[in-house]
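Colleague: Take this structure, written in structure tokens, and hold onto it; I'll ask about it next.
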Amino acid sequence: MEQILHAQAHIWNHCYSYISSMCLKCAIELGIPDTIHSHGGPMTLNQLVEAIPVRLGKAHCLYRVMRVLVYSGFFELQINKRGGAHEEEAAYSLNNISKLLIRDNPLSVEPYLRVMLNPIPMKSMDCLSAWFQNDDLCTVGTAHGMNPWDLVARNPMFGCLFNGAMASDSRLVARVLMDRCKWVFEGLKSLVDVGGGTGEMGKAIADALPHMEYTVLDLPHVVAGLQGTGNLKYVGGDMFNEKIPPADAILLKWILHDWTDEESVKILKKCKEAIPRKEEGGKLIIIEMVIDNPTEEDEKIKETQLLADVAMMNIMGLERNREEWAKLFTDAGFSGYKISPILGLRSVIEVYP
Ligand code: SAH
């Protein structure tokens, strides 16, 4: 009997686990992290309800949402005993995780969360089993009737959210790269950031390394109207069909996981044509997940990687393990690679011609 109850509890946990994501989304949409931040200290439920757009009659429901978020580690709950032992008043404060959800934080993950929990990807994931049974290339195709990059181009609101999410991630990664692994860029006089989006990574790295020429290459509609400065410039183009500008190194951050092995080999070969030989310092710098990396001790990281991999079915992409990466590099004619698992969920992979 114990086993049956345990099994039921496990299944129920998975039935409800999306509620946890929805509570977080709700807190972001109500501006709770920003409100506590501007308040400058812990806020009681009443203070919170007064400061955010919540109907007074629903305050007790907000308490229940906050209880989930405290349980899942997003906020700290302080019980202040005021006066007698019965007059307890709970107050919520930010911790290191919710600080990363404040909009003004330059490293904020809030734009990423808004995209991942947007109805467009959620509806796509909801079509997973239908997609397994049809000929569509990805679940976005099944749910929305077009390929992901067309969807981003044709839906400016979502496109804006998507590019904003990528930009926010790039700011965070650039900060960590400059703090922990500047050595990756040592000796490079020029670099092309292929699929570099709106150039957020570019701005941070070009500023930190003023002697390096930094080129952001992305689809023309993504870089339209963007102005380069100093050692940073934008080029509109298609990485599949046009020549990649020559440079000492090519950066591919979060590109190859968008594409099948066949398409990724095509991209890698194009990049190889743009860089010098290994002896002359030529290399690719890839920032991606490496699933099952033995150095990853944190089980949560592994779970997140496995979930992220399935999420990539939305757009025909996948997260790869070490062997799958190695095969891509060999198939594209590269001689070697080095994986440095220094970016939390992701790694820096240097690939040599
Ligand atoms: N490297 C950025 C963006 C990653 S999202 C970052 O990590 O923040 C993938 C990027 O690839 C998008 O900006 C998208 O516009 C770009 N992209 C998609 N197809 C492309 C193509 N054919 N040529 C050039 N860029 C492309």
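Colleague: Is it true that residue 38 is of a type in the set (Gly, Ala, Ser), within 30 Å of residue 148 (Cβ to Cβ) and part of a helix (DSSP H, G or I)? Before the answer, list the steps.
Modeller: On the way: of a type in the set (Gly, Ala, Ser): yes; within 30 Å of residue 148 (Cβ to Cβ): no; part of a helix (DSSP H, G or I): yes.
In short, no.
Colleague: Same structure, new question: Go over the candidates 284, 251 one by one and state the one that is of a type in the set (A, V, I, L, M, F, W, C), under 16 Å from residue 334 (Cβ atoms), out of contact with any helix residue (DSSP H, G or I) (no Cβ under 7 Å at 6 or more places or on another chain) and at pLDDT 95 or above. Full working, then the answer.
Modeller: On the way: 284 fails: out of contact with any helix residue (DSSP H, G or I) (no Cβ under 7 Å at 6 or more places or on another chain).
Answer to the check: 251.
Colleague: Residues of the range 217-232 being more than 9 Å from the ligand (Cβ to nearest atom) and either under 16 Å from residue 267 (Cβ atoms) or more than 24 Å from the chain's Cα centre (by Cα) (or both), which ones?
Modeller: 225, 227, 228, 229, 230, 231
Colleague: Checking the condition within 23 Å of residue 112 (Cβ to Cβ) and open to solvent by 50 Å² or more (accessible area, probe 1.4 Å), which residue from 243, 233, 203 passes? Spell out how you get there, then give the answer.
Modeller: Values: 243 fails: within 23 Å of residue 112 (Cβ to Cβ); 233 fails: within 23 Å of residue 112 (Cβ to Cβ).
Checking each option against the conditions leaves just 203.
Colleague: When the range 1-30 is examined, which residues are found to be open to solvent by less than 100 Å² (accessible area, probe 1.4 Å) and either more than 27 Å from residue 93 (Cα to Cα) or touching a Pro at 6+ places or on another chain (Cβ under 8 Å) (or both)?
Modeller: In the first step, residues of the range 1-30 are kept if they are open to solvent by less than 100 Å² (accessible area, probe 1.4 Å); the result is 5, 7-9, 13, 15, 17, 19-28, 30.
Scanning the range 1-30 gives 5, 7, 8, 9, 15, 27, 30.
Colleague: Right, another one. Hey, can you tell me all the residues within the range 154-180 that are surrounded by fewer than 15 Cβ atoms within 10 Å (Cβ to Cβ) and over 30 Å from residue 208 (Cα atoms)?
Modeller: Across the range 154-180, the qualifying residues are 154, 156, 157.
Colleague: In addition: Would you confirm whether or not the range 291-307 contains a residue that is among the aliphatic types (A, V, I, L, M) and within 16 Å of the ligand (Cβ to nearest atom)? Steps first, answer last, please.
Modeller: Step one: filter the range 291-307 for residues among the aliphatic types (A, V, I, L, M), giving 291, 301, 306-307.
Of the ones still in play, those that are also within 16 Å of the ligand (Cβ to nearest atom) are none.
Taking every residue of the range 291-307 in turn, none turns out to be among the aliphatic types (A, V, I, L, M) and within 16 Å of the ligand (Cβ to nearest atom).
Colleague: Taking the residues in the range 235-245 that are near the ligand (Cβ under 8 Å from one of its atoms) and not charged (D, E, K, R) as candidates, determine which candidate is nearest to residue 220 (Cα to Cα).
Modeller: Per the stated criteria, the residue is 237.
Colleague: Checking residue 269 against (1) crowded, with 18+ Cβ neighbours inside 10 Å; (2) assigned to a helix (DSSP H, G or I), only one condition comes out false. Which one?
Modeller: Condition (1) is where residue 269 drops out.
Colleague: To continue, here is another question. For the range 176-216, give me the residue count where each residue is polar (S, T, N, Q) and more than 13 Å from the ligand (Cβ to nearest atom). Please lay out each step first, then the result.
Modeller: Just the residues of the range 176-216 that are polar (S, T, N, Q), to begin with: 190, 198, 215.
Narrowing further to those that are more than 13 Å from the ligand (Cβ to nearest atom): 190.
So the count comes out to 1.
Colleague: Any residue in the range 246-265 that is within 12 Å of the ligand (Cβ to nearest atom), more than 22 Å from residue 150 (Cα to Cα) and either crowded, with 16+ Cβ neighbours inside 10 Å or aromatic (Phe, Trp, Tyr) (or both)?
Modeller: Checked against the condition, which is being within 12 Å of the ligand (Cβ to nearest atom), more than 22 Å from residue 150 (Cα to Cα) and either crowded, with 16+ Cβ neighbours inside 10 Å or aromatic (Phe, Trp, Tyr) (or both), the range 246-265 yields at least one hit.
The values are calculated or read from the model by the stated rules, or taken from the named source; none is laboratory data. Because the structure is predicted, anything quoted here is derived from the model rather than measured. All Cβ positions, glycine included, derive from the backbone under ideal geometry; neighbour counts span all protein chains shown. Please note that ligands, DNA and RNA were not included when accessible areas were found on the heavy atoms of the full protein model with its side chains. Shrake-Rupley method; radii C 1.70, N 1.55, O 1.52, S 1.80 Å.
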